[in-house]
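I have placed the structure first, in the form of structure tokens, so that the comments after it can refer back to it.
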Amino acid sequence: MDYKGNILAISGSLRSGSSNHNILRFLGGLTPADINYFIYDKLADIPPFDPGLDHEHPPTAVAELRELIKNVSGIIICTPEYAFGVPGQLKNTLDWMVSSGSLVDKPVALVTASSVGSHAHAALLLILGALSAKVIDGATLLIPFIRSKIDGNGNITDQKTEKMLRDVIDVFLKEI
């Protein structure tokens, strides 16, 4: 399957109704009709990182994600912060990408939406830098107190947050 010219969105939350999933759905609604924007929903399938299994035939879920990443024009990550850090499953998934070089020069937008979020946001910027991803200037956003900015149906209710998300996707789309 060829995903060139398309966007892969990854939520750091495994809960499908999370604020982060809702933000990714919102961003997907802002993408042009000719772009296949899809939210990766198999993060929970990625096994714990094991360097002994990281060779030319890694676990199937890892190989499939690496192939997806290799073939998209850009990636949007939207994540919460757990215990002042990156959610474990997201960090684990990124660890699997180190040896493959899947993220080298890959355009990435990063949104961290949580109660606080600053620790996870800073850590992810470092991690993505270590992976040589191309984190796009102007396409990173920290949204603290996210639950006060989204209603019970997942709609963004804060105009300033909505504008900042629109700015992120505009900058990101211009880059890819």
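Read-outs throughout are calculated quantities, based only on the coordinates presented, and are distinct from any laboratory measurement. From a predicted model like this one, the values you see are computed outputs, not experimental measurements. Cβ: placed from backbone, ideal geometry, glycine included. Neighbour counts: every protein chain shown.
By how many nm would the segment from SER115 to ARG147 grow when fully extended, if each residue of separation counts as 0.36 nm and the alpha-carbon distance is taken off?
10.8 nm
Rank by packing, highest mean first: peptides 163-174, 27-38, with packing defined as the count of other Cβ atoms within 10 Å averaged across residues.
Listed from highest to lowest mean packing, they are 163-174, 27-38.
Students often get this wrong, so try it: which of [x] 14.0; [y] 9.5; [z] 21.0 is mean projected area of the Cα convex hull in nm² as calculated from the structure shown?
[y]
Using Cα pairs under 8 angstrom and six or more residues apart, how large is the relative contact order of the stretch 1-102, in percent?
Here the relative contact order equals 42 percent.
For the stretch 7-175, what does the relative contact order come out to in percent, with C-alpha contacts under 8 Å and a separation of six or more?
Relative contact order of the stretch 7-175: 24 percent.
Highest mean first, what order results for 151-161, 10-20, 107-117 on Cβ atoms within 10 Å?
Per-residue Cβ counts within 10 Å, averaged per peptide and sorted highest first, yield 107-117, 10-20, 151-161.
Name the trypsin sites (Lys or Arg not before Pro) in the stretch 39-97 that are in a loop by DSSP and that have at most 10 other C-beta atoms within 10 Å, would you?
none
If I model a spin label at ALA44 and LYS174 as a point 7 Å from the Cα along the Cα→Cβ vector, what separation in nanometres do I get?
Label at ALA44, label at LYS174, 3.9 nm between them.
Test of the criteria: in the stretch 69-176, which GluC sites (Glu not before Pro) are in a DSSP loop and have at most 14 other Cβ atoms within 10 angstrom of their Cβ?
Listed in order of number, the matching sites amount to none.
What does the helix-only formula give at 222 nm for the chain: each DSSP H stretch with n ≥ 4 adding -39500 (n - 2.57), the total divided by the residues, and the result rounded to the nearest 500 deg cm²/dmol?
About -11000 deg cm²/dmol.
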